[in-house]
Amino acid sequence: MLQRRIPLVIVFITGVLMSIQYFIPHPVSQSAYNIALTWFRGVASMAYAIAVISFVRHHSRRLKQPQNSFYSAVALAAFLFMCIVGFGFGIGEGTIFAKMYLNVQVPLQATTFSLLAFYMASAAYRAFRVKGLEATLLLITAFIVMFGVTTIGNYIPFIPKLTEWLMAVPNLASKRGILIGVGLGMISTSLKIILGIERNWLGG
Amino acid sequence: MHISTDPWVWVAAILTLAIFTFLYKDNPLFKFAEHLFVGVATGYGLVIIYFNAFKPNLYQPLFVEHNLLYIIPFFFGILYFSAAIPKFSYMMRWPIALLLGIGSGLSIPLSFQTYIVEHTKSTILRFPYPNAALFINALILFIGVLTVLIYFYFSYPHKGAIGTISRIGIIFIMIGFGASFGYTVMARFSLLVGRIQFLLGQWLGIHTVM
């Protein structure tokens, strides 16, 4: 009873209340919405602690493995350093925390994502080798768009206008169709969760 | 050529090069940079979430303003840690249930409004059109949205007229995927250009962007 029914009751009550409040244009409803949002952010923020515990446990375990110990020590030391400078000396502009973010995290993140340019080029080659109308359309559109956003594309007379049209009409049509489907999917999944039909999130 | 004397620029440059070494193969330098990134990002996330989410939404109202209403979310948040006690680990589902309930409840009207109503309103043909080009574009958009939706309708076999319509839908979807792919590739290339500009400009002082 406690294991499955209480979570289902919590989901039902909060789900129904939050759905209904949208349709009640009253200050009480608006303040309930604001309180629920702060509750949501507060509870969700505490979930990050679980992720951190999992991170520390995982790397602490790896410290015992000779082949991984150095790298896990680096990860743990970097994590602890960020916590110490963040909680100890603040996070404002010019602090060590901000400098670590700008000069360590941002370059590492940007470079890691920029690596994908090389791998996407090889993936594109493999994708474009597939023959057929669909693959040809994908290839042509991708090439036009890629040319359209580069400087060289601006020197070819029809490319900028064609890129603009492709983005504003057929691309928008496909995105809109997909997004309407996404919206319907979100509503049906939310309803299934609130009504207790979808229970996978309960686990076991 | 004016090589930077700022130690932070050197740190960023060395880490950038360490990540680029992966293009040759997985190596200790890359692994070091990768683990450093994971550690720094996790620490950054924790500190930012504490200052931007936990403190203003829970700590401040409960422990500074003494608003007892916030005991409820704090209690739910504490229940996350019940995972550590096997006998009470099932209680970890309660805060998840609260988040799911609020999230699902909010998403029903909001999804309906933003994904369905707004997109349908923008797709519907509205006569008269100022010129033929605008009308043709609006018609293509309308046909595109309709055919894509029919392509994703799986409750009826895609044969006959429905099959033909869904085939037109695939054409629109492929154009959309091609455009997304082209944009994503160019976004990654612009990141790459950004890193190379940093190495050549800020670090080595060879090339500066106007």
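No lab work stands behind these numbers, since they all come straight from the coordinates. As the structure is a computational prediction, the values presented were derived from the model and not from experiment. Here the Cβ is made from the backbone with ideal geometry for all residues, glycine too, and neighbour counts use every protein chain on show.
Structure summary
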{"quantity": "Relative contact order (%) - criterion: Cα under 8 Å, at least six apart; region: the stretch A:103-198", "calculated": "12 percent"}
{"quantity": "Kirkwood hydrodynamic radius (C-alpha pairs) into Stokes-Einstein, chain A, 10 °C and 1.306 mPa s, D in µm²/s", "calculated": "67 µm²/s"}
{"quantity": "Summed residue charge, Cβ within 15 Å of B:L62's Cβ, Lys/Arg positive, Asp/Glu negative", "calculated": "+1"}
{"quantity": "Gyration tensor verdict on the protein assembly as shown (Cα atoms; rounded if a/c is under 1.5, prolate if a/b is larger than b/c, oblate otherwise)", "calculated": "oblate"}
{"quantity": "Tensor-based shape of the stretch B:159-200 (alpha-carbon gyration tensor, a/c under 1.5 rounded, otherwise prolate or oblate)", "calculated": "prolate"}
{"quantity": "Extension gain from B:I206 to B:Y156, taking 0.36 nm per residue of separation minus the Cα-Cα distance", "calculated": "11.7 nm"}
{"quantity": "Residue mean of other protein chain beta carbons inside 10 Å, A:139-152", "calculated": "5"}
{"quantity": "Shielding by partners - mean other protein chain Cβ count within 10 Å, residues of B:66-76", "calculated": "3"}
{"quantity": "Per-residue ³J(HN,Hα) for the stretch A:90-95, Karplus 6.51 cos²θ - 1.76 cosθ + 1.60, θ = phi - 60°, Hz, x for Gly and Pro", "calculated": "x, 10, x, 5, x, 6"}
{"quantity": "At least 15 Å along the helix axis (C-alpha) and Kyte average at least -1.0, DSSP helices within chain A", "calculated": "A:5-21, A:27-62, A:69-89, A:106-128, A:133-148, A:170-194"}
{"quantity": "Per-residue ³J(HN,Hα) for the stretch B:145-162, Karplus 6.51 cos²θ - 1.76 cosθ + 1.60, θ = phi - 60°, Hz, x for Gly and Pro", "calculated": "4, 4, 5, 5, 4, 5, 4, 8, 8, 9, 7, 9, x, 7, 10, x, 4, 4"}
{"quantity": "Helical mean residue ellipticity (222 nm; -39500 (n - 2.57) per DSSP H run of 4+; nearest 500) of chain A", "calculated": "-25500 deg cm²/dmol"}
{"quantity": "For chain B: rounded, prolate or oblate by the Cα gyration tensor [a/c cutoff 1.5]", "calculated": "oblate"}
{"quantity": "For the stretch A:128-198, the spread of Cα positions along each principal axis, largest first, Å", "calculated": "58, 26, 17"}
{"quantity": "Helix-only CD estimate at 222 nm, as mean residue ellipticity for chain B, using -39500 (n - 2.57) per DSSP H run (n ≥ 4)", "calculated": "-20500 deg cm²/dmol"}
{"quantity": "Average beta carbon contacts from partner chains per residue of B:22-34, 10 Å cutoff", "calculated": "2"}
{"quantity": "Two-site label geometry, A:N154 and B:I78: point separation in nm, points 7 Å out along Cα→Cβ", "calculated": "6.1 nm"}
{"quantity": "Gain upon complete extension [B:F112, B:M1; 0.36 nm per residue less C-alpha separation]", "calculated": "34.2 nm"}
{"quantity": "Relative exposure of A:R5, A:R62, judged by other C-beta atoms within 10 Å (fewest first)", "calculated": "A:R5, A:R62"}
{"quantity": "Phi-based couplings in Hz for the stretch B:178-186 (Karplus 6.51, -1.76, 1.60; Gly and Pro marked x)", "calculated": "x, 5, 5, 4, x, 5, 5, 4, 5"}
